[in-house]
Amino acid sequence: MSTFIFPAIIIGILGFGIFKKVNVFDAFLKGAKRGAISCFNILPALIGLVVAVSMMRASGILEFLSGALSPVLSFFHFPADVLPLALLKPVSGSGAIAIIKSIFETSGVDSPSGRLASVMLGSSETTFYAIAVYFGATKVKNIRYTIFAALVADAVGIIASVILCNVFFK
């Protein structure tokens, strides 16, 4: 059944276009052109994000912060090896995936770090990536309140992840 859903959607769109007497191919080409223009408009922001994430990971600042904040984090039952995930997730989803993979390999999937990392990954957003893509595509320039609200939401997601993991997995 599921193998027929995607072809059915395509046939439905084509049929609806023909029924409404719309040149479906021309409409498709116009949409593809606008999509390509949007890609070129957001490309500088995405390149900036990739460079920033690469610099953060290569510099070792994430590991330094984890080590320096370890005593404070342990008081809140926050494993220090999960801190890089909390710091990098708002910036890069692929960077966060690489970090969670290393947490799984070093600590294990069912470890407190693995569980917290899993819950945290699902309860936060790649804030700066989403802002770069969506606001870049719509050419919105004033994003000050959006960043603040999104980072507060990320912080709430991280705190809730710690609390929930301590309640359910201890």
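A few notes on this one:
- For segment 57-83, the set of residues classified as among the aromatic types (Phe, Trp, Tyr) and either surrounded by 13 or more Cβ atoms within 10 Å (Cβ to Cβ) or in contact (Cβ under 8 Å) with a residue 24 or more places away in the chain (or both) consists of Phe76, Phe78, listed by residue number.
- Among residues of segment 119-143 being at pLDDT 80 or above and crowded, with 18+ Cβ neighbours inside 10 Å, the one that is farthest from Phe78 (Cα to Cα) is Ile131.
- For segment 87-159, the helices (runs of 4 or more DSSP H) that sit wholly inside it and include 3 or more residues that are touching a Cys at 6+ places or on another chain (Cβ under 9 Å) and under 21 Å from Ser66 (Cβ atoms) are 112-122.
- There is at least one residue in segment 103-113 that is surrounded by fewer than 18 Cβ atoms within 10 Å (Cβ to Cβ) and within 19 Å of the chain's Cα centre (by Cα).
- Pairs where the first residue, in segment 23-38, is touching a residue at least 12 places away in the same chain (Cβ under 8 Å) and the second is in a helix (DSSP H, G or I), C-beta under 7 Å, 6+ apart: Ser38/Ala137
- Scanning segment 11-40 for residues that are in contact with a helix residue (DSSP H, G or I) (Cβ under 8 Å, 6 or more places away or on another chain) and either among the acidic types (Asp, Glu) or under 29 Å from Phe135 (Cβ atoms) (or both), we see that the one that is modelled with the lowest pLDDT is Ser38.
The values are calculated or read from the model by the stated rules, or taken from the named source; none is laboratory data. Values in this document were obtained by computation on a predicted structure and should not be read as measured data. Note: ideal-geometry Cβ built from the backbone for every residue, glycine included; neighbour counts use all protein chains shown.
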